[in-house]
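Report on one structure; see the data block that follows.
The values are calculated or read from the model by the stated rules, or taken from the named source; none is laboratory data. The shown structure was predicted, so the numbers you read here are calculated from the model rather than taken from an experiment. As a convention, Cβ positions derive from the backbone with ideal geometry for all residues, glycine included, and neighbour counts pool all protein chains shown. For the accessible areas, the whole protein counts, side chains as well, though only heavy atoms, and no ligand, DNA or RNA atoms are used. Shrake-Rupley method; radii C 1.70, N 1.55, O 1.52, S 1.80 Å.
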Amino acid sequence: MKRRKIFILCIDAGSHDYLAASDIPNIRKLADAGFYQHANAVIPSVTNVNNVSIATGTFPETHGITSNYYVDRETGKGEFIEDNRFLLASTLFEVAKETKFADKTALFVTKQKLLRILESGADIAVAAEAPSSEYIDAAGPAEPIYSCEINWWLLRAVRYTLQTYDPELVYCSTTDWVQHKYAPQDELSQQHMAELDRIIGEIVDDDPEREIYITADHGMMEKSLALDPGRILTQHGIPATSIPIIKDRYVVHHGNLGGAAYIFLENRNDIERAVQILLTTTGIEEVQSAEDAARIFRLHPDRIGDIFVLADKDTVFGELNVASEPISVRSHGSRHESYVPIIGYNSPWSTTDFEYNLDIGRLFVESLF
C-alpha cells in the first residue's frame, strides 16, 4: 500500500489578489492538476485563530483560540496567547501519531509564538525566528522577522526536512510582514510570491506524489480610519474597554490595529444600549453580543468579551488615545479579509469538500477514523 504523505502550507495573508498579481507558475500547475477553491477563513480573520483552526481541523468553539490576546473576565488582566495553555483541541500531529498514520510529523512556522501553540505531537518543530544550528546549516543564516527572506528561509528548511527525514505530515505557516507593507501589485510583494513559488516547485519535483494543500489564514486590505470602541462607549456614559483581536508583539506588522475587537463592559447590563451606540458608529459594520457571536462565528463563548465588533473594509480597531483618528495601514481581522484560496494537489477530495480553510485539517482527521 502506497504511503500517504501530506504537506499543508498556509501562506500568511496569501489571498486571491496576491496570487493573481504574481508570477507563480508552479502553484498554478498544482491548481490545474488538482483544484483551486474560493473558501472562507474563520472569523476573526487573524493568524492565531486561523492557523489553529487549520492545524486542529476545528472551529474556535472547540479549540478555544479566539484571539491573539486573552483577557480574563474576572480579573481584567490580559496576556498574549503565545503557547498551548489555551489550546483545547488535539493538533493534527497528535491525531496522526495516535492513529499511527505517521511515524514522523513536522511543524514549520515563522513566529515562535505559533510554534509554541501548535507543537504538541510534532517530532520536528522549527521556528524561522529562532532556528537551530542544524537548520542554519541547511537553509542558511537566520533572517530578520520583518523581511520576505525569512519566509523563503522557512520553505528551504521544509524542503531540507522532506529530503532528509521524509515525514508523512508537514504543516508550514509563513508570516505576513510583506503583505502588511506592500500591496499585491508592488514589486517586493511579487518577488516574495515568486520565490515562494520557485521553492514550492522544487518540493513538488522532489516528490511529485506528495499530497499538497496551499491556503491562507486571511487576506489583507488598506485601511484609512482607526476607532477605539471602548473609548467611544465610555464617552457615551458606558464604561468599557476594547481589545483588538490582532493584538500581539509584532507591532511593526500592523501597529495592533485590526478589523475585529472584543469589548469588555464594566456593567453587563449596558449591553443592549452599547450595541445600539456601536451600530450607529461610522466604520463599524457588525455588532454582536457574546452569545450571538459565539453562535454565528462558532467562537468559544468564554473567550470573546461581552460584545464582538467587526469593522467595515476601510476601518480598524485599536487601543487609542482618542475615539477615532485617520491612519494609513494595511491590516486584517474583519469579514473583508476572510476570503481565501485552497489549492489541492494529489488530493482524494474535490472543491465541494472545502468551505473553510480549516476543512483541510478536518478532512484529514476524519480520513483517519
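Here are some notes:
- Scanning region 215-265 for residues that are part of a strand (DSSP E or B) and β-branched (Val, Ile, Thr) turns up Thr215, Thr241, Ile243, Ile263.
- A search for C-beta distances below 6 Å between a residue of region 324-343 that is in a loop (DSSP other than H, G, I, E, B) and any residue that is surrounded by fewer than 19 Cβ atoms within 10 Å (Cβ to Cβ), counting only pairs 6+ apart in sequence or on different chains, returns Ser338/Asn40.
- Put simply, of Leu363, Leu320 the only residue that is open to solvent by less than 30 Å² (accessible area, probe 1.4 Å), touching a residue at least 60 places away in the same chain (Cβ under 8 Å), touching a Lys or Arg at 6+ places or on another chain (Cβ under 9 Å) and of a type outside the set (Ser, Thr, Tyr) is Leu320.
- Of the residues Thr47, Thr58, the single one that is out of contact with any strand residue (DSSP E or B) (no Cβ under 7 Å at 6 or more places or on another chain), polar (S, T, N, Q) and modelled with pLDDT of 95 or more is Thr58.
- Selection within region 270-307 - open to solvent by less than 30 Å² (accessible area, probe 1.4 Å), without any contact (Cβ under 8 Å) to a residue 24 or more places away in the chain and either acidic (Asp, Glu) or over 22 Å from Tyr70 (Cα atoms) (or both): none
- Checking the stated criteria, Asp23 turns out not to satisfy the condition of being in contact with a strand residue (DSSP E or B) (Cβ under 8 Å, 6 or more places away or on another chain) and of a type in the set (Asp, Glu).
- Residue within region 249-262 that is polar (S, T, N, Q), over 19 Å from Val329 (Cβ atoms) and open to solvent by 10 Å² or more (accessible area, probe 1.4 Å) present: no
- Note on region 78-97: among residues that are in contact (Cβ under 8 Å) with a residue 12 or more places away in the chain and part of a helix (DSSP H, G or I), the one that is nearest to Thr241 (Cα to Cα) is Phe86.
- Count of residues meeting criterion [closer than 19 Å to Ile212 by Cα, open to solvent by 50 Å² or more (accessible area, probe 1.4 Å) and either in contact (Cβ under 8 Å) with a residue 40 or more places away in the chain or in contact with a strand residue (DSSP E or B) (Cβ under 7 Å, 6 or more places away or on another chain) (or both)] in region 123-163: 3
- Residue match in region 35-42 (condition: on the phi < 0 side of the Ramachandran plot and surrounded by 24 or more Cβ atoms within 10 Å (Cβ to Cβ)): yes
- Residue under evaluation Asp312, criteria (1) open to solvent by 10 Å² or more (accessible area, probe 1.4 Å); (2) in contact (Cβ under 8 Å) with a residue 40 or more places away in the chain; (3) touching an Asp or Glu at 6+ places or on another chain (Cβ under 9 Å), criterion not met: (2)
- Total residues in region 51-98, condition among the polar types (S, T, N, Q) and surrounded by fewer than 24 Cβ atoms within 10 Å (Cβ to Cβ): 5
- Number of residues in region 99-113 that are closer than 20 Å to Arg159 by Cα and either modelled with pLDDT of 95 or more or open to solvent by 40 Å² or more (accessible area, probe 1.4 Å) (or both): the value is 10.
- Odd one out for Asp12 among (1) in a strand (DSSP E or B); (2) under 19 Å from His336 (Cα atoms); (3) open to solvent by less than 10 Å² (accessible area, probe 1.4 Å): (1)
- Residue satisfying condition, being in contact with a Ser or Thr (Cβ under 7 Å, 6 or more places away or on another chain) and of a type in the set (Phe, Trp, Tyr), within set Phe80, Phe93, Phe108: Phe93
- Sole exception among (1) in contact with a helix residue (DSSP H, G or I) (Cβ under 6 Å, 6 or more places away or on another chain); (2) under 26 Å from Cys148 (Cα atoms) for Asp207, by number: (1)
- Scan of region 181-214 for residues that are assigned to a helix (DSSP H, G or I) and of a type in the set (D, E, K, R), ordered by number: Lys181, Glu187, Glu195, Asp197, Arg198, Glu202, Asp205, Asp206
- Region 215-242, subset open to solvent by less than 20 Å² (accessible area, probe 1.4 Å) and among the β-branched types (Val, Ile, Thr), residue nearest to Ala290 (Cα to Cα): Ile238
- Test: residue in region 163-171 that is within 30 Å of Glu222 (Cβ to Cβ), of a type outside the set (Phe, Trp, Tyr) and outside any strand (DSSP E or B): no
- Qualifying residue in region 16-29 (condition: among the aliphatic types (A, V, I, L, M), outside any helix (DSSP H, G or I) and either crowded, with 17+ Cβ neighbours inside 10 Å or at pLDDT 95 or above (or both)): yes
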